[in-house]
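> So that we are looking at the same thing, I have put the structure below in structure tokens.
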Amino acid sequence: MPAPRGPRRRKARRRADMPLLGGARPPIAALLALLLAVAGTTALLLGDRGDTAADTAVLTSQQHVAEDGALSLRASLDESITDLERAAAQFSGAGSAAPDTVLDSLGKVYNKWRGTAVVDPAGGTLLAARGENIPLATVLKGPAGKTGDNGATKDDKDGILGPRLVKLPSGETRMLVVTALRGGEGTRLLVASGTLNVPGISADEDRSLLVVDSAGTVLASDGPSVARKSWAREARRTAAAESAKTPEAAGGHPGASGHLMGERRGDARTVVGYAAAGRAPGESSAAGALGLSVITSVKVTGDPTAVRTQTFGLAAAGILLVLAVLVVWVLLRTLQQPLLRLYLESRRLARGDLDRPVRRFKGREAARTGAALESLRGQLLGGRPTRSGRARGGFGTRSTVVVCALVLLAWAAPLLLFLNRPGGSVSVPRQLVDDQRRRTDTASDRVRKALNEGWADVASVAQTLAAGARTGDAAPADGKDKDRAAADRAVLERTLREHGRYRSVYVIDGKGEVLSRAGDSPRHPAGKPPRADGVAQLATSGKEPSVAAYAAVPGAGGRAVVGEYDPQFLISMVTRPGLGQVWLVDKENRILAADRNHGFRAFSALPSGHLDALADTARKHDGRTTGTATLHRAGGSSDIAAAAPFTGGGAVRDLDWQVVSSQPTSWLELPEYTAQRRTMLAGLLGVSAAVACLGWLHIVVVRPLRALADRAEALAGGDRKTVLFPQHHDEVGAVVRNLELIRQRLARPSGRN
């Protein structure tokens, strides 16, 4: 029985011949789906979140403060351990010095220890002592219960050597460092006791500081008492638990860190930051294995600013929904429907159904192709080839896609470029300004102590060279100078190898002539005598700063040891995450070092006049123990700037240097900037969706459709030799296949058959 004719059969045949992949439908469907997703994302991104954004900025700042304190604590303890171990190595040997001589020499160079002692481990006899009493029983029984590598050597069978934490009967905590003095009289123990505190962070009536161990026990504290606060106990437990984890140095901090939010009482709430003084994988740090953590807390008064964007987000999402429906409807009417109708008309002609004329189409490319099909119908009926003429009227498909893109960009561009811009009147919590000052103080203190420690190392080398010179005086005169130079060079090379802060270490005589050196070429001015003991700036111009530590060799007739600091060492001292741009400047406000994330040109001026003014103001208040900070607004933008001069004296007392920092408020997680970033993200998503899908549509439909119109007109004009073959299995490809069938029929001698 033959199949029934009629609309049902025509629809079934249309579905059977319809291309399933490619064409206009996938990009149009993807555009609609993406625009709906962008609208939903916009409503969610710009939803009101109360005051959590401002809390995030303050909490993150407290975390950075704790990280700075933990880093300074670990660096200070590591430096103390290294100094004692190196001093013990210098006094070891066949001709080792007497215990009293060792402690006296140690006290002349380093003043960081509260007590030192030399102990005979065999009988527990105290051979010499200086300063406060050291609990010898704790020293001899080893660091029981301490986790991690204590720095013990392979011959330290009892685990006596290395650092440990002990609690005195008074309740204070001390760090004991034990190292070996090996010589002709056997192995003795050199022990030093140091105070455990948080260097570089200033406490006040609102801020509290704690140093806790891996069990959460408070070892040192400063500021108001926080022992009974529930959040303090939680912070101690969290810091203690995370201190045992393997640190990954995320965000520039080699250890676990985080923040907590305390309860609100009236207009005040407490925010807490904690950080473990750990060590990164592969990093050598004896203090990093002690399980210490730093906790800082501060009371923040006043409610944070709440930025309301819910209505704006819903309105933007609603507008995008309307535009999405409009754009998709236009594309369906002007692209997909004409393509399907062209396909049906071309298929009808290819099958020989020539009774009805080809319908007229709107749109430039569809109209051109339809006119060519009508001309081909006439030729199949016996007419002559005619030029259908290029249809100049109508709206082209390319113009349609461009207009749709402009409509969507008209929604996305204001979000991306103009709307929700806070300007220079952003509400910045006072706590962030105070934290910028504190962190700049910490950076300044870290640089000052690092330079002072470097000078102490150089002074220790000078003491070692002086002791070697006295030992070598008994040698024959002809070989004394040669042997002394070789011994000096060995000490210098060992110092350069053990300390990465120097680019070169060398010895000069009273006339500035270099006697021996290790490392790069010396930069001490030739022919000039050594500087006075301390840290000196050798140049005020050039490609890179030159800073050196000078220490006279006792009883050597004007000889001095010089250690030149590596510029990369200075850069590493001022590089801290979350502090913005940081510069180390000299007394003329010339830049000597800057954080590696922004770069600098040596001895250039600070990038803004208000930073110079702030540095001058901080320098005038040299009696203060902390720096100064301000919120600067200019030209529609604002930044938090701080300056902290070196305080505390030491070998850098004559430098008059300071650390200057500037943090643009747009980098902070304030509610205004959070709303701006989310608005920009919504606009960027809209631009991406429009460009991706409409660009896809232009490539797979618009360009092939324009080429199809050219081919159809050429075929209607009499081109029977050019074979037409489809490039893709889609609507345009289906029309091309039908045109090829028509060409083959026209190419036959019979014309219609």
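> For Leu209, all conditions in the list (1) over 30 Å from Ser444 (Cβ atoms); (2) modelled with pLDDT of 80 or more; (3) of a type in the set (A, V, I, L, M, F, W, C) hold save one; what is the number of the exception?
Going through the list (1) over 30 Å from Ser444 (Cβ atoms); (2) modelled with pLDDT of 80 or more; (3) of a type in the set (A, V, I, L, M, F, W, C), Leu209 breaks only (1).
> While we're looking at this one, here's another question. Test Ala220 against the stated conditions and say whether it is assigned to a strand (DSSP E or B) and modelled with pLDDT of 80 or more. Steps first, answer last, please.
Working: assigned to a strand (DSSP E or B): yes; modelled with pLDDT of 80 or more: no.
No.
> What single numbered condition from (1) open to solvent by 10 Å² or more (accessible area, probe 1.4 Å); (2) assigned to a helix (DSSP H, G or I); (3) at pLDDT 85 or above fails to hold for Ser666?
Status for Ser666: all satisfied but (3).
> Working only within region 329-370, note down all residues that are β-branched (Val, Ile, Thr), crowded, with 18+ Cβ neighbours inside 10 Å and over 19 Å from Arg737 (Cα atoms). Walk me through how you get there before you give the answer.
Within region 329-370, the first condition is being β-branched (Val, Ile, Thr), and the residues that meet it are 330, 334, 358, 369.
Narrowing the set further to residues that are crowded, with 18+ Cβ neighbours inside 10 Å leaves 334, 358, 369.
Hit for region 329-370 is Thr334, nothing else.
> So which of Gly635, Gly650, Gly578 ends up being at positive phi, in contact with a His (Cβ under 8 Å, 6 or more places away or on another chain) and touching a residue at least 60 places away in the same chain (Cβ under 8 Å)? Working first, answer last.
Values: Gly635 fails: in contact with a His (Cβ under 8 Å, 6 or more places away or on another chain); Gly650 fails: in contact with a His (Cβ under 8 Å, 6 or more places away or on another chain).
One residue alone meets the criteria, Gly578.
> While we're here: Looking at region 726-753, which of the residues that are farther than 24 Å from Arg384 by Cα and outside any helix (DSSP H, G or I) is least open to solvent (accessible area, probe 1.4 Å)? Give the steps one after another, and end with the answer.
Just the residues of region 726-753 that are farther than 24 Å from Arg384 by Cα, to begin with: 726-734.
Now narrow it down to the ones that are outside any helix (DSSP H, G or I): 726-730.
Numbers: Pro726: 50, Gln727: 120, His728: 116, His729: 106, Asp730: 9 Å².
Among those residues, the one meeting the criterion is Asp730.
> If only one of Gly534, Gly557, Gly500 is of a type in the set (Gly, Ala, Ser), in contact (Cβ under 8 Å) with a residue 40 or more places away in the chain and open to solvent by less than 10 Å² (accessible area, probe 1.4 Å), which one is it?
On the way: Gly557 fails: open to solvent by less than 10 Å² (accessible area, probe 1.4 Å); Gly500 fails: open to solvent by less than 10 Å² (accessible area, probe 1.4 Å).
On inspection, the qualifying residue turns out to be Gly534.
> Has region 241-256 got any residue that is in contact with an Asp or Glu (Cβ under 6 Å, 6 or more places away or on another chain) and modelled with pLDDT under 80?
There is at least one residue in region 241-256 that is in contact with an Asp or Glu (Cβ under 6 Å, 6 or more places away or on another chain) and modelled with pLDDT under 80.
> Run Ile591 past the list (1) under 24 Å from His632 (Cβ atoms); (2) outside any loop (DSSP other than H, G, I, E, B); (3) touching a helix residue (DSSP H, G or I) at 6+ places or on another chain (Cβ under 9 Å) and report the number of the one that doesn't hold.
Looking at each condition in turn, Ile591 falls short on (3).
> Anything in region 705-725 that is under 21 Å from Arg364 (Cα atoms), open to solvent by 30 Å² or more (accessible area, probe 1.4 Å) and touching a helix residue (DSSP H, G or I) at 6+ places or on another chain (Cβ under 6 Å)? List them, or say none.
The one that is under 21 Å from Arg364 (Cα atoms), open to solvent by 30 Å² or more (accessible area, probe 1.4 Å) and touching a helix residue (DSSP H, G or I) at 6+ places or on another chain (Cβ under 6 Å): Arg706.
Rundown of residues vs (1) out of contact with any helix residue (DSSP H, G or I) (no Cβ under 7 Å at 6 or more places or on another chain); (2) modelled with pLDDT under 85; (3) β-branched (Val, Ile, Thr), yes/no style:
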{"residue": "Ala280", "(1), (2), (3)": "yes, yes, no"}
{"residue": "Glu283", "(1), (2), (3)": "yes, yes, no"}
{"residue": "Ala289", "(1), (2), (3)": "yes, yes, no"}
{"residue": "Val300", "(1), (2), (3)": "no, yes, yes"}
{"residue": "Pro304", "(1), (2), (3)": "no, yes, no"}
{"residue": "Thr309", "(1), (2), (3)": "no, yes, yes"}
{"residue": "Gly318", "(1), (2), (3)": "yes, no, no"}
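> Let me ask something else about it. Checking Ala97 against (1) open to solvent by 60 Å² or more (accessible area, probe 1.4 Å); (2) in a loop (DSSP other than H, G, I, E, B); (3) more than 20 Å from Ala287 (Cβ to Cβ): exactly one of these is not met. Which one?
With (1) open to solvent by 60 Å² or more (accessible area, probe 1.4 Å); (2) in a loop (DSSP other than H, G, I, E, B); (3) more than 20 Å from Ala287 (Cβ to Cβ) applied to Ala97, the lone miss is (1).
The values are calculated or read from the model by the stated rules, or taken from the named source; none is laboratory data. These figures come from a predicted structure and were not determined experimentally. Glycine also receives a Cβ, built like all others from the backbone with ideal geometry; neighbour counts cover every protein chain displayed. Each accessible area value is taken on the protein alone, full model and side chains, heavy atoms only, with ligands, DNA and RNA left out. Shrake-Rupley method; radii C 1.70, N 1.55, O 1.52, S 1.80 Å.
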